[in-house]
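Report on the following structure.
The values are calculated or read from the model by the stated rules, or taken from the named source; none is laboratory data. These numbers come from a predicted model, not from an experiment. Ligands, DNA and RNA are stripped out before the accessible areas are found, and what is left, the full protein with its side chains, is counted by its heavy atoms. Shrake-Rupley method; radii C 1.70, N 1.55, O 1.52, S 1.80 Å.
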Amino acid sequence: MHIQDGVSGMCQNKVEFVNGILFGKFLPPHLGHVHCIETALQHCARMFIVVCSTKNAIPSGRDRAKWIQQ
């Protein structure tokens with residue numbers, strides 16, 4: 001949600017939630033994931049992203065988590 005400042009006319013994001021969480025495999029990460037993350041960040045003060053994986057996944061969950069952090 002955007003709030004318009006009546007003095008300057010600038011739009012500011014209103015944080016609706018303190019915490020947000022997004023689960024995904026991110027296999028591979030793509031623009032749809034980026035859109036989901038950016039949208040969630042507009043509504044949450046703090047965002048947790050959980051990369052779901054299995055023990056023997058290729059690429060590993062750790063590698064995919066690193067990609068998301070970039």
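Give the residues of segment 6-44 that are in a strand (DSSP E or B), open to solvent by 60 Å² or more (accessible area, probe 1.4 Å) and modelled with pLDDT of 90 or more, sorted by residue number.
V18, N19, I21, F23
When you look at N56, is it outside any loop (DSSP other than H, G, I, E, B) and modelled with pLDDT of 90 or more, yes or no?
In short, no.
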